[in-house]
Amino acid sequence: MKNILTGIAALIVGAFTLIMATVMGLFISVAALLTTPFIKRKFAYAHAETRFNRGQMHTAHQGSSNVIDGEYEDISRR
């Protein structure tokens, strides 16, 4: 009898967990679908701003170095 009650309790808890995960997943996926255009727009704006700033920086310092962002140029031998 004790095993039957424990099994029923485990089934109830498992069903509750499964339903709760489904509801949370539904809300998260709807939120992701709604916010995707805003995030894409924000990234596009940041990317355009970065390209604009690099263009200004490139024309101001053109010819001073041939280093790509993130690389290291050793100038100790110069």
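The values are calculated or read from the model by the stated rules, or taken from the named source; none is laboratory data. This structure is a prediction, so every number in the text was calculated from the model and none was measured. Cβ sites come from the backbone with ideal geometry, for glycine too, and all protein chains shown count toward neighbours. Heads up: the accessible areas ignore ligands, DNA and RNA and are worked out on the full protein's heavy atoms, side chains in. Shrake-Rupley method; radii C 1.70, N 1.55, O 1.52, S 1.80 Å.
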Considering region 24-43 alone, what residues qualify as being hydrophobic (A, V, I, L, M, F, W, C) and open to solvent by less than 60 Å² (accessible area, probe 1.4 Å)? Ala31, Ala32
Anything in region 1-17 that is loosely packed, with under 10 Cβ neighbours inside 10 Å and not β-branched (Val, Ile, Thr)? List them, or say none. Met1, Lys2, Asn3, Leu5
Taking the residues in region 44-70 that are of a type in the set (A, V, I, L, M, F, W, C) and open to solvent by less than 90 Å² (accessible area, probe 1.4 Å) as candidates, determine which candidate is modelled with the highest pLDDT. Ala44
What is the number of the single condition among (1) at pLDDT below 90; (2) not in a loop (DSSP other than H, G, I, E, B) that Glu73 does not meet? (2)
